[in-house]
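Asker: Sharing a structure with you now.
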Amino acid sequence: MRIEPAKRRSSKVQLAAMRRQWPDFVGRRLNDGTLIWHGSLRPKAQAYRIGILWHPTMPLPYVIVSDPPLQPRPGMAFAEIPHLIYDADEPKQSGLCLFDPAGREWSPADLIADTTVWWAAEWLTYYELWHMTGKWLAPSVGYESVAQMMSAEVEAAMAVLDDVH
């Protein structure tokens with residue numbers, strides 16, 4: 001028996017699924033085929049306005065929080081916010097890292113309404129908990145933040161330099 005690969009969901013199907021499951025989200029298709037949605041999620045403490053961007057050629061949907069904008073904990077830098085797809089030029093446009101791309105947890109055959117929106121709500125819950133506790137309590141893969149990754153790279157470079165001298 002041959003298993004057929006899952007088919008990529010069309011823009012029309014993605015838009016219809018979002019309208020059905022998330023009627024408060026406003027979505028549209030741009031001329032280039034990009035899909036954009038805006039809506040609010042309230043995981044626990046407060047509501048967040050998010051934007052979801054996806055084009056059928058993109059490997060993953062891109063989710064940003066627009067209001068209130070993400071903030072680091074007091075005394076910390078924006079790059080220390082855990083699990084962001086960090087945008088160094090415009091940090092407040094950084095996307096939420098919702099799943100491990102290497103783990104193949106999402107594919108264009110999946111509905112954004114069934115996956116991405118729920119994962120964004122879950123991410124926001126852990127973000128609120130991180131603000132309260134200082135710890136990212138969600139399961140995760142890899143470095144917790146861009147700042148942590150850069151620190152590890154500096155430590156590795158220093159170790160190489162120590163071995164040289």
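The values are calculated or read from the model by the stated rules, or taken from the named source; none is laboratory data. Fair warning: this is a prediction, and the values are worked out from it, not measured in the lab. So basically every Cβ, Gly included, is an ideal-geometry build from the backbone, and we count neighbours across all protein chains shown.
Asker: I need the full set of residues from the stretch 31-61 which are in contact with an Asp or Glu (Cβ under 6 Å, 6 or more places away or on another chain) and among the basic types (Lys, Arg), in order please. Spell out the reasoning first.
Answerer: Pass one, the stretch 31-61, residues in contact with an Asp or Glu (Cβ under 6 Å, 6 or more places away or on another chain): 39, 44-45, 49.
If the condition is that a residue be in contact with an Asp or Glu (Cβ under 6 Å, 6 or more places away or on another chain) and among the basic types (Lys, Arg), then LYS44, ARG49 are the ones that fit.
Asker: One residue is enough: does the stretch 154-161 have a residue meeting the conditions in a loop (DSSP other than H, G, I, E, B) and either under 22 Å from GLN21 (Cβ atoms) or at pLDDT below 90 (or both)?
Answerer: No, that holds for no residue.
Residues checked against (1) free of Cβ contacts under 8 Å to residues at least 12 places away in the same chain; (2) farther than 22 Å from LEU137 by Cβ; (3) crowded, with 17+ Cβ neighbours inside 10 Å; (4) not small (Gly, Ala, Ser):
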| site | (1), (2), (3), (4) |
| --- | --- |
| ARG9 | no, yes, yes, yes |
| LEU30 | yes, yes, no, yes |
| TRP37 | no, yes, yes, yes |
| LEU41 | no, no, yes, yes |
| VAL65 | no, no, yes, yes |
| LEU70 | no, no, yes, yes |
| TYR86 | no, no, yes, yes |
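Asker: Considering only the stretch 128-145, I want to know if a residue exists there that is closer than 24 Å to ASP24 by Cβ and either touching a Lys or Arg at 6+ places or on another chain (Cβ under 8 Å) or hydroxyl-bearing (Ser, Thr, Tyr) (or both). Give the derivation first.
Answerer: Looking only at the stretch 128-145, we keep the residues that are closer than 24 Å to ASP24 by Cβ, and these are 128.
After this cut, where a residue has to be either touching a Lys or Arg at 6+ places or on another chain (Cβ under 8 Å) or hydroxyl-bearing (Ser, Thr, Tyr) (or both) as well, the list is 128.
Yes, some residue in the stretch 128-145 is closer than 24 Å to ASP24 by Cβ and either touching a Lys or Arg at 6+ places or on another chain (Cβ under 8 Å) or hydroxyl-bearing (Ser, Thr, Tyr) (or both).
Asker: Follow-up question, since we're still on this one. One residue is enough: does the stretch 88-109 have a residue meeting the conditions surrounded by 15 or more Cβ atoms within 10 Å (Cβ to Cβ) and charged (D, E, K, R)?
Answerer: Checked the stretch 88-109: no residue is surrounded by 15 or more Cβ atoms within 10 Å (Cβ to Cβ) and charged (D, E, K, R).
Asker: Just to check your reading of the model, which residue among GLY95, GLY39 is within 14 Å of the chain's Cα centre (by Cα) and within 28 Å of ARG9 (Cβ to Cβ)?
Answerer: It is GLY95.
Asker: Residue check, ILE64 against (1) part of a loop (DSSP other than H, G, I, E, B); (2) within 18 Å of the chain's Cα centre (by Cα), all met but one. Which one?
Answerer: Here ILE64 clears every test but (1).
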